């Protein structure tokens, strides 16, 4: 027999009320007709539970549980009118099973009425309900703050909250949530740094590090990019690609990503001790634990290395998450649509051919992976 809280509560209620009942133990059945035959009652006395996909607008999709008599069909047009939706169809089996496993399909007696709000589907439902419209940005911020309390690392929630706070004139408060956007996944080791020169725009991939409220960049003083950065505004971009979004139409193909763009006046780090600390931060950003296992830079090397600091005073964040957003008329097409997740995998360390025999691979290299921290 089923082993879950709803079943136990139901049996306990029947027993305590001295109600007569009969248990029918059978394999799961997929049709109302088969279940009605097992129970010995007409199909009209059965109830069908069907999960529907309701697309309210281009960015808001809900999943609705429709319960109808066993001999009736769901009126999709009526559901569409009820939610003022653009499209209503049947949810796929995978989504229905995920909702069931989280308790949203067990009815009032199960987790559907009291599910853990940290469940991802529950959070997604709150996001859908927060679609608005709202009277002002302060109200938007309040709604998304409540959702952020349930799922602090959700990049979409943190981005919308930070944007609402910024638009409500609470820029300082928004910074913390902008930082959370990139704290929900592995941080990158590289950034793309760009500036305008007399010869045209230049963009170069570079290693970087976060040091509190500033970004550190380093290289040779002869580097045209960094030399220009001492007197020119720089644009530093860090992007995490989370997935390839395959839509039913070629036009709506996209990617899921998190991107931070920082613009500002870069200033050189002149003090040698501060420059040494900055280089340590750069090494630790790339491979945590590596600094203690290397020779420190000498004064000559420090003087030959330019380190720039760029304050995080002006930054913007862009985020895309979720499935493809197709046109209403395309949802019934038989083209596969969804997301192909993107991950970075690091291979086994390859020793330097000149390495003396017997030097072991350090643990931080053997099991290397990018730390989960803010970009």
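The values are calculated or read from the model by the stated rules, or taken from the named source; none is laboratory data. Here the structure is a predicted model, which is why all the values come from computation and not from measurement. A quick note on method: Cβ atoms are made from the backbone with ideal geometry, for glycine too, and the neighbour counts reach across all protein chains shown.
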query: In segment 310-322, is there at least one residue being surrounded by 15 or more Cβ atoms within 10 Å (Cβ to Cβ) and part of a helix (DSSP H, G or I)?
result: no
query: Considering 339, 317, 307, which residue is assigned by TED's automatic domain parsing to the domain that holds residue 255, touching a strand residue (DSSP E or B) at 6+ places or on another chain (Cβ under 6 Å) and modelled with pLDDT of 90 or more?
result: 339
- line: Looking across segment 138-170 at residues that are exposed (fewer than 15 other Cβ atoms within 10 Å of the Cβ) and assigned to a loop (DSSP other than H, G, I, E, B), the single one that is farthest from the chain's Cα centre (by Cα) is 169
query: Is one or more of the residues making up segment 209-228 at pLDDT below 80, surrounded by 16 or more Cβ atoms within 10 Å (Cβ to Cβ) and in a strand (DSSP E or B)?
result: yes
task: Test residue 269 against the criterion of being surrounded by 14 or more Cβ atoms within 10 Å (Cβ to Cβ), in the same structural domain as residue 195 (by TED's automatic domain parsing), in contact with a strand residue (DSSP E or B) (Cβ under 8 Å, 6 or more places away or on another chain) and within 26 Å of residue 344 (Cα to Cα), and give yes or no.
output: no
- request: For residue 307, state whether it is surrounded by 15 or more Cβ atoms within 10 Å (Cβ to Cβ) and within 26 Å of the chain's Cα centre (by Cα).
  value: no
- request: Answer yes or no: is there a residue in segment 361-373 that is outside any loop (DSSP other than H, G, I, E, B) and touching a strand residue (DSSP E or B) at 6+ places or on another chain (Cβ under 9 Å).
  value: yes
message: Just checking: which of the helices (runs of 4 or more DSSP H) contained wholly in segment 1-103 hold 3 or more residues that are modelled with pLDDT of 75 or more?
response: 5-16, 32-39, 76-82
Residues being touching a helix residue (DSSP H, G or I) at 6+ places or on another chain (Cβ under 7 Å) and surrounded by fewer than 17 Cβ atoms within 10 Å (Cβ to Cβ) - total across segment 67-85: 2
message: Being surrounded by 13 or more Cβ atoms within 10 Å (Cβ to Cβ), within 22 Å of residue 367 (Cβ to Cβ) and under 19 Å from the mean Cα position of the chain (by Cα) is the requirement here; does residue 342 meet it?
response: yes
statement: Among (1) in contact with a helix residue (DSSP H, G or I) (Cβ under 8 Å, 6 or more places away or on another chain); (2) within 28 Å of residue 216 (Cβ to Cβ), residue 327 falls short only on (2)
